[in-house]
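Enquirer: My structure is below; once you've seen it, I'll send some questions.
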Amino acid sequence: MFWRESLQVFKPSEQPISQLKVVIAGGFGAGKTTLVARTSEIEPISTDEQLTTAGIGTDRLDGVEAKTSTTVAFDFGRISLRSQNLDLYLFGTPGQARYQFMWNDIVDGAIGAVVLADTRRLEDSFDPVNYFLRLGLPFIVGVNLFEGSARYPIERVREALRLDADVPVVGCDARDSRSGRHVLITLVKHAHTRAVRARHTRPSTSLAD
């Protein structure tokens with residue numbers, strides 16, 4: 001499968017393990033809680049609550065009618081990438097717009113974000129994509145391939161979301177831990193590339209200035 005490629009992105013070293021914060025974002029029902037739960041090596045923390053009649057008229061369930069719960073604060077998990085000397089701390093955001101006031105606190109200190117996209121409700125990805133663009137935070141898009149959902153070429157998803165060519169877009173299955181691991185490593189690589197590029201393009205200062 002597409003995520004079965006090599007997971008060795010950096011050479012192992014004897015440096016101390018780095019601890020990095022990563023955000024998992026996306027629309028309501030896109031699979032954020034599932035990705036954190038299936039990828040985490042520790043017992044994940046979830047703030048899922050049952051949907052109630054209070055959400056009628058506020059939460060749109062088109063395409064995810066079977067969903068019975070929602071994240072009301074955040075999800076949390078951790079995964080160790082020992083070959084890269086990294087520990088990733090995963091923070092999943094709530095999906096509904098009414099909870100987005102919490103995003104700034106959740107995103108604070110993160111090296112980057114994964115935007116999970118659901119092709120059944122692709123328009124839900126615009127808000128998180130625009131949020132991270134405004135913030136200037138590196139992000140990638142993971143197209144969660146739900147059973148029975150339409151399959152589109154990656155480049156068509158990129159065009160639909162109006163993403164620049166340097167934003168990675170990858171297919172994934174949030175239920176599969178190896179697939180989730182691949183998505184996270186893709187994000188780490190992208191954030192690393194962005195950081196290196198920023199250092200190289202930063203204007204140099206001169207003592208004569």
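Matching residues to (1) open to solvent by less than 70 Å² (accessible area, probe 1.4 Å); (2) within 19 Å of R78 (Cβ to Cβ):
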site	(1), (2)
I106	yes, yes
A117	yes, no
L133	no, no
L137	yes, no
A150	yes, no
D166	no, no
S179	yes, yes
H182	yes, yes
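Enquirer: Which of the residues belonging to the range 16-34 are of a type outside the set (A, V, I, L, M, F, W, C), surrounded by 24 or more Cβ atoms within 10 Å (Cβ to Cβ) and touching a Gly at 6+ places or on another chain (Cβ under 8 Å)?
Expert: G26, G27, G29, K32, T33 - these are the residues of the range 16-34 that are of a type outside the set (A, V, I, L, M, F, W, C), surrounded by 24 or more Cβ atoms within 10 Å (Cβ to Cβ) and touching a Gly at 6+ places or on another chain (Cβ under 8 Å).
Enquirer: Next question, about the same structure. Restricting to the range 117-137, what's the tally of residues that are touching a Ser or Thr at 6+ places or on another chain (Cβ under 8 Å) and either under 15 Å from W103 (Cα atoms) or not in a helix (DSSP H, G or I) (or both)?
Expert: If we filter the range 117-137 for residues that are touching a Ser or Thr at 6+ places or on another chain (Cβ under 8 Å), which is where we start, we get 117-120, 128.
Then keep just the ones that are either under 15 Å from W103 (Cα atoms) or not in a helix (DSSP H, G or I) (or both); that gives 117-118, 128.
Number of matching residues: 3.
Enquirer: Hey, T201 hits all of (1) open to solvent by less than 30 Å² (accessible area, probe 1.4 Å); (2) modelled with pLDDT under 95; (3) more than 21 Å from F74 (Cβ to Cβ) but one; which does it fall short on?
Expert: (1)
The values are calculated or read from the model by the stated rules, or taken from the named source; none is laboratory data. Bear in mind that the values here come from a model prediction, so they are computed numbers and not experimental data. Every residue, glycine as well, gets a Cβ built from its backbone with ideal geometry; the counts of neighbours run over all protein chains shown. For accessibility, only protein heavy atoms count, side chains too; no ligands or nucleic acids. Shrake-Rupley method; radii C 1.70, N 1.55, O 1.52, S 1.80 Å.
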